[in-house]
1. For LYS175, which lysines qualify as cross-link partners when the Cα separation must be under 30 Å and same-chain residues fewer than eight apart are set aside?
2. Quick one: what does P(r) look like for the chain with 5 Å bins over all Cα pairs, in whole %?
3. Between ALA227 and GLN91, 0.36 nm times their residue separation minus their Cα-Cα distance comes to what?
4. What Kirkwood hydrodynamic radius, in Å, does segment 6-87 give when the mean of 1/r is taken over all pairs of distinct Cα atoms and then inverted?
5. Using +1 on the beta carbon of Lys and Arg, -1 on that of Asp and Glu, and nothing else charged, what's the dipole of the chain about the Cα centre, debye to 20?
6. On C-alpha positions alone, give me the angle between the axis of helix 109-126 and the longest principal axis of the chain, in degrees, nearest 10.
7. Would you compute, from DSSP H runs of 4+ residues alone, the mean residue ellipticity of the chain at 222 nm, taking -39500 (n - 2.57) per run and dividing by the full residue count, rounded to the nearest 500?
8. Would you mind working out the accessible area per residue for segment 94-262, using a 1.4 Å probe, and quoting it in Å²?
Amino acid sequence: MSVPSTTTLPTTLAWLRDTMPVPGGIAWLRLRNQSNMPPDVRYRERRVTVLPEPQGWIAIVGIPLEAQLGQHTVIDQDTGDRYTFEVFNKQYKTQHIRLKNTRQVNPNLADTERIREEVAKIKAALASPWRPTAVSPLPLSKPVAGRFGGAFGSRRYFNGQARKPHNGLDIVASKNTPVIAAAEGVVVNAGSYFFNGNAVFIDHGQGIVTVYCHLQDIFVSIGEAVARGQTVGTVGQTGRATGPHLHWSVSMNNTMIDPALVLQR
Ligand SMILES: [Zn+2]
């Protein structure tokens, strides 16, 4: 394995110490590139987060839930350097959810058309172009005060029918609790979605996008710059939700990862 010794991580990146390269997780690599500019490092052709350290750069790679186990390759486009890391198995739990609104399990024709349009918007928001940042977006601030509910990655059944795995972390809080931006960024989408309910998408730069779902109110609009800790909305139960909570997703290199891994502790 080419993963460097964890004992040498600078204190600003010490939170990476316990991460394991698993599907839905992150891998980090020390780069040989000594450039003053953030190196253009790609995984599955997508540009990844690179954070400075005293000796150079650390690349942080989001690994998709559907990733194959075994060796994966990361390429530094600037130098041609190739790096490999190994993806290990992780067993995620199975979750059964009952919904009274059966349209949220089996959408009708009009719903399906709406969902199709929304998927295109969501994809565009998550594919926000990579841009450098003055300050590291990571680790992220907890977006709402509350207890952790449904974990990322669980295999889900709605009314007994298999659906996509849970692509975020649920934080349970009462309706109207303020929801804050997890880091500085720009709102790339804000609106009403069939499954996500009222949702806000924030691009933090470095290929990192966070998503806040099932909101009661939205206080920001597309194109607006937000500060870390700024209130962007309130907790609600809009869309496919069985109670008031924040569904929070984190995308790195256009890949949904377990938000708990990049959360400030
Ligand atoms: Zn959720």
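The values are calculated or read from the model by the stated rules, or taken from the named source; none is laboratory data. Treat the numbers as computed from the prediction; the structure is a model and nothing was measured. As a convention, Cβ positions derive from the backbone with ideal geometry for all residues, glycine included, and neighbour counts pool all protein chains shown. When the accessible area is computed, the model is the full protein with side chains, heavy atoms only, and any ligands, DNA or RNA have been set aside. Shrake-Rupley method; radii C 1.70, N 1.55, O 1.52, S 1.80 Å.
1. Leaving aside lysines fewer than 8 places away in the same chain, those within reach of LYS175 are LYS93, LYS100, LYS121, LYS123, LYS142, LYS164.
2. Distribution as computed: 1, 6, 13, 17, 19, 17, 12, 8, 5, 2, 1, 0 percent.
3. This chain segment gains 45.4 nm when fully extended.
4. Its Kirkwood hydrodynamic radius stands at 13.0 Å.
5. Using Cβ point charges on Lys, Arg, Asp and Glu, the chain gives about 840 debye.
6. It is inclined by approximately 20 degrees.
7. Numbers: 1 runs with 18 residues, N = 265.
One gets -2500 deg cm²/dmol as the mean residue ellipticity at 222 nm.
8. Solvent-accessible surface per residue comes out at 43 Å².
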